[in-house]
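Taking it in order: structure first as structure tokens, then the write-up.
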Amino acid sequence: MGGLVTERIRPGVEFVPEAAAAFRRAEAQVIAEFGRPIDVNSTYRTWADQMRMFEDWSRYVAGKGPRPAHSKAVHPSESFHVSGLALDSDDWRVPRIVEILAANGFIRNRLHVPGELHHFEYIRARDTNYGKKVDDVSADDVWKYPVKGRPGGPVPAIQELADAKTAAQAVRDELAPVTRGGKRVPMRQDLADTGTLVRQVLAEQKATTAALRALATAQGADPDAIQDIVREAVKDAMRDVSFTVDIE
């Protein structure tokens with residue numbers, strides 16, 4: 001007569017095959033949304049381990065021993081842990097993870113036992129994803145997959161893709177070539193050349209102003225008045241200046 005068949009998912013996480021498959025599905029979703037695995041305190045226990053816990057609890061209740069480090073422990077014949085169907089997890093405090101576990105058949109504190117809020121039991125009839133593999137997702141699931149790291153919280157993948165496309169187009173527009181003097185020039189180069197030209201013009205204007213002030217002083221004229229005349233002349237000239245940039 002064969003014993004119970006269990007699957008070990010990782011150290012300390014072990015269930016019978018159906019529950020193991022359900023846990024893998026649930027954990028994949030938790031990792032996708034929270035970036036971490038499900039918290040696990042206890043899963044499958046051997047008959048001997050459960051019996052020891054049951055006896056320790058019974059002695060405590062009878063006033064013949066200290067309170068055990070664990071919560072109430074039932075006889076192995078009644079334990080879902082011994083049957084490979086139970087999960088104890090501190091993630092009972094996270095509503096979304098409780099929701100994910102429930103969708104995959106792990107029902108929290110099904111029997112409403114006081115002090116057992118951390119206890120989940122796998123019920124196949126409540127597993128809405130029974131038979132699915134971890135990678136069995138629909139196209140709709142993919143488009144609705146939450147992408148984290150955005151200001152304001154996660155957004156659906158389809159929205160992330162749309163926003164990325166908009167951002168990429170904005171970059172292309174910014175870096176698109178411009179036509180200058182009949183030649184196509186990268187916009188960054190055009191901006192750099194424009195900056196260089198502006199600095200040259202400012203330097204020449206500064207030198208010209210200094211020369212005019214020196215000449216005016218030598219001729220006995222008022223240098224400030226001459227500088228004002230030059231500024232007004234520049235303003236008048238700039239009113240007639242226009243340019244066109246073609247962006248392709």
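In terms of surrounding Cβ atoms within a 10 Å radius of their Cβ, Val61, Val82 rank from fewest to most as Val61, Val82. Toward the positive end of the charge dipole of the stretch 7-144, with +1 on the Cβ of Lys and Arg and -1 on the Cβ of Asp and Glu, the farthest Cα among Pro17, Ile38, Asn109 is that of Asn109. Charge dipole (Cα centre; +1 on Lys/Arg Cβ, -1 on Asp/Glu Cβ; no other charges) of the stretch 7-144 amounts to roughly 320 debye. Annotation for the stretch 42-117: trypsin sites (Lys or Arg not before Pro) lying in DSSP loop with at most 13 further Cβ atoms inside 10 Å of their Cβ are Lys64. The overall shape of the stretch 7-144 is prolate: from the C-alpha gyration tensor, with semi-axes ordered a ≥ b ≥ c, the ratio a/c is 1.5 or greater and a/b exceeds b/c.
Taken together, the values in this text are just the output of simple stated rules run on the coordinates, not laboratory data. Not measured: the values here are computed from a predicted model. A quick note on method: Cβ atoms are made from the backbone with ideal geometry, for glycine too, and the neighbour counts reach across all protein chains shown.
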